[in-house]
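Worksheet for the structure shown next.
The values are calculated or read from the model by the stated rules, or taken from the named source; none is laboratory data. Every value quoted in this text rests on a predicted model; they were computed, and no experiment measured them. Reconstructed Cβ throughout: ideal geometry from the backbone, glycine too, with neighbour counts over all protein chains shown.
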Amino acid sequence: MKILFAASEAVPFIKTGGLADVAGSLPKALAQAGHEVKVILPLYEGVSGEWRSQMTFLKYFNVTLSWRQVYCGIFQLERDGVTYWFVDNEYYFKRWQMYGHFDDCERFAYFSRAVIETPGQLDWWPDVIHCNDWQTALVPVYLLEDKYRIPQLGNAKSVFTIHNIEYQGRYGDQVLEDVIGLGRNYFNEGMLAFHGDVNLMKGAIMASTYVTTVSPTYAQELRMPFYAHGMDAVINQQSGKLQGILNGIDMALYDPAKKPGLAANFTAKNPAKGKTACKLALQKAVGLREDESAPIIACVSRLVGHKGFSLVTDVLHQIMEMNVQMVVLGTGDWQYEEAFRNAQRQYPGRFSAQITYSAPLSDMIYAGADIFLMPSISEPCGLSQMIAMRFGTVPVVRETGGLKDTVLPYNKFEGTGRGFTFSDINAGDMLWVIREAVDLYHNNKEAWRGLQKEGMTADFSWDHSAQEYIDIYQRISG
């Protein structure tokens, strides 16, 4: 099949979150399964010269966006069996950050128009256009308008993936005609209308041939108002074309036996010596007391409310009463940043607040920590818990979204499971399971090694999930 994968970011070129990881690994898995895959994304200022030097300029043309005729250049790069198309327009994309600008609606409407126009300009006939999150949500809508104008799109079907429904692309209705170039009928008949505003994600859900989310549990949660951010009625109306497919990770990239930059490499068969070396290196790097016996509890995350950090700050002192150390890596809301800085001052040598973003340090934490804490209020899929398990770090998570789908709770009677879980949004419940984890670490090394082995040998690759996407592509395209 011929698959066009449209995303606003992709590893290794540009990244702000999990979408980039998916856009960097799922197309590669689809290509390895024998399909012709092209990924299209904006050529941001942040794409480094290293990648730009490998690109080939293909052509330029004008994109029609409402009343505007806008330049669009296409650069190409091939990597790992996937062809990448970069959309060049410095007015829209030569900016110091990718998102958060006053004209984001126009910027990504332009990008969506470029996604639609490029196959015709390059004479390529996609079977499926796979779009992701609100930045490409207009592509399925534009496809309804233009698939018969552009011969190359005549048989194309659209798939839309919701990575996080919290960000929907919601704007005042004045953008409809002048900015995104669609008639009032799209608003009056309800495809884009949402409580008096234009909602781009709603349009994609309504217009696309099929809708997916990034975990089976998240697909079920989106039917409930608590998780759906106002979109539960839309999700329930369109539930017949909705499916949850769990994201994967690049198993080779996160292989503790081969990962460069670690103090020591190790395997699931015998992780103890390597984990200890990584632990001591982590303690030294972040200012914790070098102590092999104290389990390190780690968080690597954006420090925001929906990640559950209010639960952590509520019982932080009770956690530190145990024989543990703790390291937090990330940036976010000031109240959490300040709470963790205060904890570092209050518990010197036992608590480390790394209020920054550092990929090398995150790798050190995954490899050197013992317990990985993810108490998320909502977590569509989550990749961190899978990476942590891959490195033999046992997760403690709340049962939501992909956390519930990937972390099987420890059963002390059967000796099964991969980590520790709690269901209610309750700091006391979280504290209880942390105590269970710490107790098992100190008092039952054999059971602890069993949990590590289960996590390290679990298959979190894209192979199964990619096949589920292929099944959808083939089903909708006949």
Residue within the stretch 78-89 that is of a type in the set (Asp, Glu) and over 24 Å from the mean Cα position of the chain (by Cα) present: yes
Single unsatisfied condition, TYR148 versus (1) assigned to a helix (DSSP H, G or I); (2) modelled with pLDDT under 95; (3) over 23 Å from PHE102 (Cβ atoms); (4) aromatic (Phe, Trp, Tyr): (1)
Answer from ALA437, ALA388, ALA369 - the residue that is crowded, with 19+ Cβ neighbours inside 10 Å and farther than 21 Å from ILE249 by Cα: ALA437
Any hit, the stretch 133-143, residues being surrounded by fewer than 22 Cβ atoms within 10 Å (Cβ to Cβ) and either under 24 Å from the mean Cα position of the chain (by Cα) or outside any strand (DSSP E or B) (or both): no
Residues of the stretch 52-69 satisfying the condition of being buried (at least 16 other Cβ atoms within 10 Å of the Cβ) and in contact with a Phe, Trp or Tyr (Cβ under 6 Å, 6 or more places away or on another chain): MET55, LEU65
Total residues in the stretch 294-333, condition touching a Leu at 6+ places or on another chain (Cβ under 6 Å), assigned to a helix (DSSP H, G or I) and surrounded by fewer than 23 Cβ atoms within 10 Å (Cβ to Cβ): 1
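To keep it simple, each residue is scored yes or no on (1) in contact with a Leu (Cβ under 9 Å, 6 or more places away or on another chain); (2) of a type outside the set (A, V, I, L, M); (3) over 24 Å from GLY18 (Cα atoms).
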site: GLU189; (1), (2), (3): no, yes, yes
site: GLY196; (1), (2), (3): no, yes, yes
site: TYR210; (1), (2), (3): yes, yes, no
site: ALA228; (1), (2), (3): yes, no, no
Members of the stretch 27-45 that are more than 22 Å from LEU122 (Cα to Cα) and surrounded by fewer than 17 Cβ atoms within 10 Å (Cβ to Cβ): GLN32, ALA33, GLU45
Those residues of the stretch 167-196 which are touching a residue at least 40 places away in the same chain (Cβ under 8 Å) and either farther than 30 Å from SER378 by Cα or surrounded by fewer than 11 Cβ atoms within 10 Å (Cβ to Cβ) (or both), in sequence order: VAL175, GLU177, ASP178, VAL179, ILE180, GLY181, LEU182, TYR186
Matching residues in the stretch 341-357 - criterion: being surrounded by fewer than 21 Cβ atoms within 10 Å (Cβ to Cβ) and either within 17 Å of the chain's Cα centre (by Cα) or of a type in the set (A, V, I, L, M, F, W, C) (or both): ILE355, TYR357
Conditions (1) part of a loop (DSSP other than H, G, I, E, B); (2) of a type outside the set (Asp, Glu); (3) in the same structural domain as LYS445 (by TED's automatic domain parsing): number failed by LYS284: (1)
Unique residue being more than 30 Å from PHE57 (Cβ to Cβ), surrounded by 23 or more Cβ atoms within 10 Å (Cβ to Cβ) and aromatic (Phe, Trp, Tyr) when the list is TYR218, TYR227: TYR218
Residue within the stretch 147-166 that is in contact (Cβ under 8 Å) with a residue 24 or more places away in the chain, crowded, with 20+ Cβ neighbours inside 10 Å and among the acidic types (Asp, Glu) present: no
Subset of the stretch 18-65 (residues that are touching a Leu at 6+ places or on another chain (Cβ under 7 Å) and either in a loop (DSSP other than H, G, I, E, B) or modelled with pLDDT under 95 (or both)): GLY18, ASP21, GLN54, MET55
Candidate set from the stretch 460-478 (those that are loosely packed, with under 15 Cβ neighbours inside 10 Å and at pLDDT below 95); member that is farthest from PRO27 (Cα to Cα): GLY478
Test: residue in the stretch 171-187 that is within 30 Å of LEU408 (Cβ to Cβ), at pLDDT 95 or above and out of contact with any Gly (no Cβ under 6 Å at 6 or more places or on another chain): no
Inter-residue pairs, beta-carbon under 7 Å, first in contact (Cβ under 8 Å) with a residue 60 or more places away in the chain and in the stretch 269-295, second assigned to a helix (DSSP H, G or I) and not aliphatic (A, V, I, L, M), 6+ apart: PRO271/GLN452; CYS278/GLY368; LYS279/GLY368; ALA281/GLY368; LEU282/GLY368; ARG289/GLN283; PRO295/TYR441
